[in-house]
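Asks: My questions all concern the structure below.
Please treat every number below as a calculation from the coordinates, not as lab data. Just so you know, these numbers come straight off a predicted model, no measurement behind them. Quick reminder, even Gly has a Cβ in these numbers, built from the backbone with ideal geometry, and neighbours come from all protein chains shown.
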Amino acid sequence: MFKKILIANRGEIAVRVIRSCRELDIPTAAVYSDADRHSLHVRYADEAYYLGPSKASDSYLRGDKIIEIALECGADAIHPGYGFLAERADFSQACQESGITFIGPKPSAIAAMGDKQVARNTVSEAGVPVVLGTEGQGDLTDEELLKIAPEIGFPLLIKPSAGGGGKGMREVRNLEEMPGLLTASRREAEASFGDGNIYLEKLIQGARHIEIQILADQHGNVIHLGERECSIQRRHQKLLEEAPSPFIGENQELREAMGAVAVQAARAVDYLNAGTIEFLVDEDRNYYFLEMNTRLQVEHPVTEAVTGIDIIKEQIRIAAGQPLRLKQEDIVLKGWAMECRINAEDPFKGFMPSTGTITQSLLPAGPGIRVDSGVYSGFEISPYYDALIAKLIVHEETRNETITRMKRALEEYRVIGVRTNIPFHLALLEDPEFLAGDFDTQFIKDDVPPFSGGQDNQSLPEVAALAAVLAAHQKTQSSAVLIQGGRQATSNWKWLGRWERTTK
Amino acid sequence: MFKKILIANRGEIAVRVIRSCRELDIPTAAVYSDADRHSLHVRYADEAYYLGPSKASDSYLRGDKIIEIALECGADAIHPGYGFLAERADFSQACQESGITFIGPKPSAIAAMGDKQVARNTVSEAGVPVVLGTEGQGDLTDEELLKIAPEIGFPLLIKPSAGGGGKGMREVRNLEEMPGLLTASRREAEASFGDGNIYLEKLIQGARHIEIQILADQHGNVIHLGERECSIQRRHQKLLEEAPSPFIGENQELREAMGAVAVQAARAVDYLNAGTIEFLVDEDRNYYFLEMNTRLQVEHPVTEAVTGIDIIKEQIRIAAGQPLRLKQEDIVLKGWAMECRINAEDPFKGFMPSTGTITQSLLPAGPGIRVDSGVYSGFEISPYYDALIAKLIVHEETRNETITRMKRALEEYRVIGVRTNIPFHLALLEDPEFLAGDFDTQFIKDDVPPFSGGQDNQSLPEVAALAAVLAAHQKTQSSAVLIQGGRQATSNWKWLGRWERTTK
Amino acid sequence: MKYYASIGEKEYEIEILSETQVLIDGVPHEIDLKVLRQCQSLSLLVDGRSYDINIYQDNGDWDVLLRGRQFSVEIDDERERRLRLAAGQVARPTGRYVLTAPMPGLVIDIPVGEGDQVSKGDVLLILESMKMQNELTAPRDGTVTRIETKVNDNVERKQDLLVLE
Amino acid sequence: MKYYASIGEKEYEIEILSETQVLIDGVPHEIDLKVLRQCQSLSLLVDGRSYDINIYQDNGDWDVLLRGRQFSVEIDDERERRLRLAAGQVARPTGRYVLTAPMPGLVIDIPVGEGDQVSKGDVLLILESMKMQNELTAPRDGTVTRIETKVNDNVERKQDLLVLE
């Protein structure tokens, strides 16, 4: 087993990796930028080393410096998390050349799958169906793309060749709006992945985004851990994921067929470690290879919940050369799991990111609740990294029970100081179509939020009004004494003014 | 289903019940004493009603008042939690007479099992083996008990006829010390359960405490959910529980035999709802009926973890007349679960209870962690109720992995302001005999704590010394400025003094 | 003391009679308020119903978190309301609007120019922050009278960006 | 500035050279301290090793929580130590000991009387609190010189119970 693992990441996923390492009794080294000295991954790691300025390109994207730190502190393996360097073949290659184990696939597999265009070519050749697009045509210029677009037909998607997570993606409805969107997409791709190359892909209407989790060891064993339903997206950013998919449901045949195709796609690039094959599934249950994420996914916990497997521990065991402990027939999905991504953004103001200090973070608890978070009470959210502050994962016996448990957890969860999308999730969980499992990737409309802001309970606005009046009353009373209140009332109310100062 | 459920309890278990009710979309009513207006169960319930003064006998034991509140607020069911009124046949009877469903067994079953002496008689007649004792001899006087004691032989146990949880239990090594222990036991039993009756039971040396969880519906279905290992006790108070039992382990035959006997014992009293049959198991795997707890157990979450069943939801469904959803053959134990009881007590000072204000409660999180707690940052622990502030439950694939996960979680868990037994649990989890699963109910010795205070990591004391010096340094520097520090250092250190004032 | 609290279109008239009694739209309610400083929460019982509330003031309005929902409450007291009614204006003034940066970031685009007429919802400026491009839009119709930043500027939180009149 | 920190039998000599440099028993270490007020934690890096620490003062000693372990640290500075060494006493004074109630509770039993000789570990008083009977024991040998409470008294936290000399 490894002597020490360096985690080349930050936020919730760095904390997540540290937790599994600690449970495996492997010392961890964190790296941090200027903005992250106070971050949870620095506090929870066994060691922590300064990396550079806050901008990702000066810190978390500095593969050279990270390898240097790993060598200096005696780390013999690097876990890249997701994002940043996770899907950079050159980084995986550089690790290998420095004698450090990269906990992930071989550079060749990253290159083959990491470039979305090459990937589509590769799996297509292996007999896996793909969506029509510009794969295999190299890095095209805007001019070339504008020429090809009408052949594919609108609507279509512009997608970055590198990276994932919806960043840089743009939906194009017609040729006129396409030039501006190409520019925006390249700019966002460049900023997020350091690679501005893009490609086009036909947009399948009414499609679901369903993905299969893969584990592949160094001994030729490849298994899948069932599917995840990821169709709930806003601007191609996933917001809520579940396992199993309500669309697949009891259709064990479809599940096994997609699983087998996913294994086949992974084998096509001699895949190693954990990875995910993303599919689009149309209304007739035809499925198309979308892309392979050659890394851990943000939403891996829903699979962990239904399989009982710690995927990060598996990643580490695989990287250390151990054979998989489980065979395909050992994988049994139990119950239903759902994840809500809690973002620091204001759902009432166009999902605008919200920075500032989290003055309080009170986590939900009790049965079937898991919170993966990188923040805490007093944590300052910087504008340099993404808005994901936590993932709330719940597990229960059935989908309905999972949904009511999730609502309970969201109601318990308190984040004060920044806005979050918790009200959005609560409204989504009350939407009849969502409850019926009847949705596609276009379900969350951009302009009209599908939620009422909590009109389900008539009395809540009245109580909110009362609470605000009680708070305002204290403010207007110069003496801070309630009309008929005495000393106790004074001390009872004084805090409001105090706290106001804190959050300003 | 019920229109509203009143929860006749407080602390973590009241919060636990509220959570399941909320997930079932059933409104809840909490009751609270003077000491509990600020408690989490009051904050999380839909309604909350004042019950009486802080002393349990004036509030949580006032069944008459609780039924009155239930009738007034329109609750048609009462969940008693554990402790307080949970095993009082008269309360169950009074509920029934008021037209309120008592979420638990019928008064007759509570009476038959709740009086430990009658219970032992009943199951003995049904062919279930019991430990030698004074069952079936009525409520004996101290004089009579002193006479019978030598016939049973020493060591023996004095046990309260009512209640459970180890309260009022005393171990007797010889006749000389017995009179004082009888008095102490009766006093504690009277204080805890309002019933000072006691009985004697032979102490089986080297025995394990293993219990079987039962569910019984109104349609004649009785199933068991496997066993829990509860041998880790201090002064007959359970401290750590696990499921499955390492002693039973892969011995499926023993598990099924004990399960069948437990079902048989439950049927002997026409049992309804959730209950637990406690057994003593000797080194030769002979098992003896110890008692039946006719209520939810503190340690129910470990069974929930390995079975995936929400036991409280099952209790409510059973009380509402629904048949069990699962048959015995559907019950599959998956993985390994462990619970550490986090008590406000100082393991370095004879486990003395610790009262005061919890200035911070920072919960562990991440995969496989569950915290059931009734406290929060700013919560004041009163001297009126027991010292249990939280239960930390972890779940992983194997026992070893569960233990390393639990250690990780205990290291993350921070409770500031009161002392807790977290250091005790950490030390226990490093004990070679515990790790080997080689322990009995006498494993935790009273006088010599089996832990070193964390000598596993040589550098920790040095770092603790350094941190204390850095803190003290700030105090001695009148200007609160570090030798070579400037403005930033000042503000960096100022908090220490401030916080000190808070915690004093 | 009488207050008027508005959430969206709905207005509530709330009168505080004592520490334990209020009138909401004339209906009496028993209240019991417990302030939990450390976790910045209010435990409020209203006629026995229990609410666990987080509340803070944001740009004059009160933000209330309650069961995972968020409510923005505007409050007037009796005197303020009388003054405004006397002045003939029940609605809030609509004059000058200064668009400020809701977060630090990089100005990516300013699709409007000084003197442009804009409608409510039009994009005024695109700000990149937290790895996302965020469109800042006009809260109402108006004319852009001043632009105080330019493309590629790094701006601070709350920095003035442009003025709408 | 030089300090002497003791945990149990073990003593550490710690010298603070600057905000980023200390000597522990003469060995230099690089430190980086970040105070996290809101969660009452210290993030301390020592030669790159990361420690997340909670610390507070309790009865003069410093209580340190670190990885779930708890350490009680006694600290002397150079001057205090010199004074004590000059006075010929390295150990702490052992004079009068006042037993105070560690928590509110009910006095159940006082198995000693005024004038009794007691040994370290002997039970002085039984206090019932949190539904448990708690034995308060002698921290060292001595004579009970005064008993300031009686059986069935309800006592407050920190109330004097008896004196040992």
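Asks: I need the calculated FRET efficiency for the pair C:K34 and D:D58, taking r as the beta carbon distance and R₀ as 25 Å, to the nearest 0.05.
Replies: With R0 = 25 Å, the Cβ-Cβ based efficiency is 0.30.
Asks: Another question, then. When the helix-only estimate is applied to the protein assembly as shown (DSSP H runs of n ≥ 4, each -39,500 (n - 2.57), divided by the residue count), what is the mean residue ellipticity at 222 nm, nearest 500 deg cm²/dmol?
Replies: Numbers: 34 runs with 372 residues, N = 1338.
The per-residue figure over the protein assembly as shown is -8500 deg cm²/dmol.
Asks: For the protein assembly as shown, go through all pairs of different Cα atoms, get the mean of 1/r, take its inverse, and jot down that Kirkwood value in Å.
Replies: When all Cα pairs of the protein assembly as shown are included, the Kirkwood radius is 33.6 Å.
Asks: Something else: Sticking with the crude label model, points 7 Å out along Cα→Cβ, report the distance from D:E15 to A:D284 in nm, one decimal please.
Replies: 8.3
Asks: Same structure, new question: Indicate the gyration tensor shape class of chain D (rounded, prolate or oblate), computed on the Cα atoms with a ≥ b ≥ c the square roots of the eigenvalues: a/c under 1.5 is rounded; otherwise a/b larger than b/c is prolate and the rest oblate.
Replies: Oblate is the answer for chain D, as a/c is 1.5 or above yet b/c matches or exceeds a/b.
Asks: A further question on this structure: Once both labels are modelled 7 Å past Cα along the beta-carbon direction, what's the C:K120-D:E135 spacing in nm?
Replies: Label-label distance for C:K120 and D:E135, simple model: 7.7 nm.
Asks: Can you pick out the pairs among B:K238/B:K313; A:K445/C:K10; B:K238/D:K10 whose Cα atoms lie more than 30 Å from each other?
Replies: From B:K238/B:K313; A:K445/C:K10; B:K238/D:K10, over 30 Å: B:K238/D:K10.
Asks: Would you mind classifying segment A:78-171 by shape? Square roots of the alpha carbon gyration tensor eigenvalues, ordered a ≥ b ≥ c; an a/c under 1.5 is rounded, otherwise it is prolate if a/b is larger than b/c and oblate if not.
Replies: Here segment A:78-171 falls in the prolate category.
Asks: Can you tell me, using C-alpha contacts under 8 Å and at least 6 residues apart, the relative contact order of segment C:63-165 as a whole percent?
Replies: Details: 182 pairs, mean separation 30.0, N = 103.
It comes to 29 percent, rounded to a whole number.
Asks: Could I ask something else about it? Between segment A:161-194 and segment C:96-161, what is the separation of their alpha carbon centroids in Å?
Replies: Rounded to whole Å, the Cα centres lie 21 Å apart.
Asks: Further question on the same structure: Over what distance in Å are the Cα centres of segment B:111-153 and segment A:195-250 separated?
Replies: Going from one Cα centre to the other spans 62 Å.
Asks: OK, next. Hey, which lysines would be in cross-link range of C:K150, C-alpha to C-alpha under 18 Å, not counting anything within fewer than 8 residues on its own chain?
Replies: Straight-distance partners of C:K150: C:K158.
Asks: A follow-up question, please. With axes computed from alpha carbons, what is the tilt in degrees of helix B:399-412 against the longest principal axis of chain B, rounded to the nearest 10 within 0 to 90?
Replies: 50
Asks: Inter-copy label distances at D:T20, 7 Å along the Cα→beta-carbon direction, one decimal in nm, shortest first?
Replies: Inter-copy label distances (nm, one decimal, shortest first): 6.1.
Asks: What nm distances, shortest first, do you get from the label point of A:E171 to those in the other copies when the point sits 7 angstrom along Cα to Cβ?
Replies: Reported distances to equivalent positions: 6.9 nm.
Asks: Which angle between 0 and 90 degrees, to the nearest 10, do you get for helix B:178-193 versus the longest principal axis of chain B when only C-alpha atoms count?
Replies: 80
Asks: Explain nothing, just the number: relative contact order of chain A, from Cα pairs under 8 Å at least 6 residues apart, as a whole percent. Write down the numbers at each step before the final one.
Replies: Values: 1021 pairs, mean separation 64.9, N = 504.
For chain A, the relative contact order is 13 percent.
Asks: Please list, ordered by chain and number, the residues whose modelled amide H lies under 5 Å from the amide H of B:R235; skip anything fewer than 5 residues away on the same chain.
Replies: Answer set, sorted by chain and number: none.
Asks: While we're on this one: Rounding to the nearest 10 and keeping the result within 0 to 90°, find how far the Cα-based axis of helix B:142-152 lies from the longest principal axis of chain B.
Replies: Compared with the principal axis, the helix lies near 80 degrees.
Asks: Moving to a separate point now. Since chains D and C are linked by a rotation, which residue in D has the beta carbon closest to its axis, and how far is it in Å?
Replies: With distances in whole Å, chain D gives D:Q38, 5.
Asks: If the elastic network links every pair of Cα atoms under 10 Å, which of C:K150, C:K120, C:K131 fluctuates the most in the Gaussian network model of chain C?
Replies: Highest fluctuation among the options: C:K131.
Asks: Given axes a ≥ b ≥ c from the Cα gyration tensor, I'd like to know whether segment D:1-93 is rounded (a/c under 1.5), prolate (a/b larger than b/c) or oblate. Working shown, then result.
Replies: Working: a/c = 2.23, a/b = 1.44, b/c = 1.55.
Oblate.
Asks: Return the lysines within reach of A:K202: Cα separation strictly under 16 angstrom, same-chain partners fewer than 8 residues apart disregarded; answer none if there are no such residues.
Replies: A:K116, A:K147, A:K159
Asks: Return a whole-number percent for the relative contact order of segment B:5-103, with Cα pairs under 8 Å and 6 or more residues apart as the contact set.
Replies: 29
Asks: In addition: Which whole-Hz couplings ³J(HN,Hα) result when phi for each residue of segment A:332-344 is put into the Karplus expression 6.51 cos²θ - 1.76 cosθ + 1.60, θ = phi - 60°, listed in order with x for Gly and Pro?
Replies: 10, 7, 10, x, 9, 10, 9, 10, 10, 7, 9, 9, 7
Asks: Give me the number: length gained by fully extending A:Q218 to A:L146, i.e. 0.36 nm times residue separation minus the C-alpha to C-alpha distance, one decimal in nm.
Replies: Using 0.36 nm per residue and subtracting the Cα-Cα distance, I get 21.6 nm.
Asks: With charges set only on the Cβ (+1 for Lys and Arg, -1 for Asp and Glu), what does the dipole of the protein assembly as shown come to about its Cα centre, in debye to the nearest 20?
Replies: Its charge dipole is roughly 2600 debye.
Asks: C:V155: net charge of surrounding residues, Cβ under 14 Å, Lys/Arg +1, Asp/Glu -1, itself excluded?
Replies: With Lys, Arg at +1 and Asp, Glu at -1, the neighbours total -3.
Asks: Counting Lys +1, Arg +1, Asp -1, Glu -1, what net charge surrounds B:A75 among other residues with beta carbon under 13 Å of its beta carbon?
Replies: Its environment carries a net charge of -3.
Asks: A further question on this structure: What is the sum of charges around B:R62, taking Lys and Arg as +1, Asp and Glu as -1, for the other residues whose C-beta is under 11 Å from the C-beta of B:R62?
Replies: -1
Asks: Right, something else. Need one number for segment A:208-320: average projected area of the convex hull over its C-alpha atoms, nm².
Replies: Reported value for the Cα convex hull: 6.7 nm².
Asks: Over every pair of different alpha-carbon atoms in chain B, take the mean of 1/r and invert it; report that Kirkwood radius in Å.
Replies: One over the average 1/r among Cα pairs gives 24.0 Å for chain B.
Asks: Using the Cα centre as the reference, give the magnitude of the dipole from point charges on the C-beta atoms of chain C (Lys, Arg: +1; Asp, Glu: -1; all else neutral), rounded to the nearest 20 debye.
Replies: 160
Asks: Shifting gears a bit: Relative to the other copies, what are the label-point distances for D:V151, with labels 7 Å from Cα along the C-beta vector, expressed in nm at one decimal and sorted shortest first?
Replies: Taking the point 7 Å beyond Cα along Cα→Cβ, the inter-copy spacings are 9.1 nm.
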